[in-house]
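Written out below as structure tokens is the structure these notes cover.
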Amino acid sequence: MDSATESGNKLSIFDLDRTLTRLPTYSPYLLHAARTVAPWRLLLVPAAAAATAAYKAGLIDRKRTKELMHQLLLGPRLSAEAHERATAPFLARLLAGGFRPAALEQLAADRAEGRRLILATAAPDHYAHRIAESLGMEAALATKVRREGDQLTHRIDGDNYRGVAKLQAIEAWIAEQSLDRDQLHVRFYSDNLTDVPTFEWADEAIAVNPGAKLRRIARERGWRTVAW
């Protein structure tokens, strides 16, 4: 840890939904985008809700659920122009009041410590990268949505960055940056129980507004908890 501090290799990795933000972003984004570019697709909201119910019943996985929801509400392909028309106002509204004030204060405090700020989220990369950029973060590790030319499709490339898949994405980024894990000090913030693999891997685990089960695990394992 001392060598990591001396070399400046200090990472602060933040989850997005309900950690930095007050509310989830994925479903609100899809609803906003559908309303903006193809309002008739709001008639398919019950079908999207059925996909979510199928996931909760264990009939399909989260990745397939997200693909179905995107396909229903945005279509199988979305032009770059339509995507920008939908995304820009959504992000503006999110930045205007969608983040937890204490989370923004923590970002500023970690930046002042000289820490590199990274977003790691299961949210799709086509808007998560822009959120990270707007917050002055160095990188966004987010679920990759396939492009075909200048069009955004509903297909996910690789894994949905949830659970172990999020940790694998972080480890892959560290390798791409030619960083030595042994020389890093990693601080990880999340509210999500599925992030236990990353909490365990981090040098400093911080559970944000944890639910009862995550709070119990944090207490048993000596992780810090904060109320934002």
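The values are calculated or read from the model by the stated rules, or taken from the named source; none is laboratory data. The shown structure was predicted, so the numbers you read here are calculated from the model rather than taken from an experiment. Methodologically, a virtual Cβ is constructed for each residue, glycine included, from the backbone with ideal geometry; neighbour enumeration extends over all protein chains shown. Accessible surface is based on the protein model in full, side chains and every heavy atom, while ligands, DNA and RNA are left aside. Shrake-Rupley method; radii C 1.70, N 1.55, O 1.52, S 1.80 Å.
When both region 5-54 and region 168-205 are represented by their alpha-carbon centers, they are found 22 Å apart. Here the calculated FRET efficiency for ASP203 and SER134, from their Cβ-Cβ distance with R0 = 30 Å, stands at 0.65, rounded to the nearest 0.05. Remark: spin-label model distance LEU179-VAL164 equals 2.3 nm, labels positioned 7 Å along the Cα→Cβ axis. Per the Debye formula on identical point scatterers at the alpha carbon atoms of region 36-88, with no solvent, log10 I(q)/I(0) at q = 0.25 Å⁻¹ is -0.93. Ranked by the mean number of other Cβ atoms within 10 Å of their residues, highest first, the peptides 107-118, 137-148 come out as 137-148, 107-118. Based on the reciprocal of the average 1/r between different C-alpha atoms, the Kirkwood radius for region 1-110 equals 16.3 Å. Annotation: the antiparallel percentage among DSSP beta bridges lying fully within the chain is about 25. Expressed as a whole percent, the accessible surface of the chain that belongs to carbon and sulfur atoms is 52, based on a 1.4 Å probe.
Directionally averaged projected area (the chain, Cα convex hull): 12.8 nm².
Using C-alpha pairs under 8 Å with a sequence gap of at least 6, the mean separation divided by the residue count of region 1-85 gives a relative contact order of 28 percent.
Note on ARG77 and ALA54: their simple-model spin labels are 2.4 nm apart, each label 7 Å out from Cα toward Cβ. Taken along its principal axes, the alpha carbon cloud of region 103-212 reaches lengths of 40, 30, 30 Å, longest axis first. Taking 0.36 nm per residue of separation and subtracting the Cα-Cα distance, full extension of the segment from ARG221 to ARG85 would add 44.4 nm. Put a plus charge on the Cβ of each Lys and Arg, a minus charge on the Cβ of each Asp and Glu, and nothing anywhere else: the dipole of the chain about its Cα centre is then about 1100 debye.
Axis angle, to the nearest 10 degrees, between helix 164-176 and the longest C-alpha principal axis of the chain: 70 degrees.
Show that you can apply the helix-only estimate: for the chain, add -39,500 (n - 2.57) for every DSSP H stretch of four or more residues, divide by all residues, and state [θ] at 222 nm to the nearest 500. Computed ellipticity for the chain at 222 nm equals -15000 deg cm²/dmol.
Projecting the Cα atoms of GLN71, THR19, ALA128 onto the charge dipole of region 1-131 (Cβ charges, centred on the Cα centre) puts GLN71 farthest toward the positive pole. In the context of the full set of protein chains, region 57-166 has a per residue accessible area of 44 Å² (1.4 Å probe).
For LYS144, a cut-off of 19 angstrom between C-alpha atoms picks up these lysines, skipping any fewer than 8 places away in its own chain: LYS63, LYS66, LYS166. For every other residue with a beta carbon closer than 11 angstrom to the beta carbon of LEU30, add +1 if it is Lys or Arg and -1 if Asp or Glu, then tell me the sum. Residues near LEU30 contribute +3 overall. Comparing TRP223, ASN160, LEU30 along the charge dipole axis of the chain, the residue lying farthest to the positive side is LEU30, per the Cβ-charge model.
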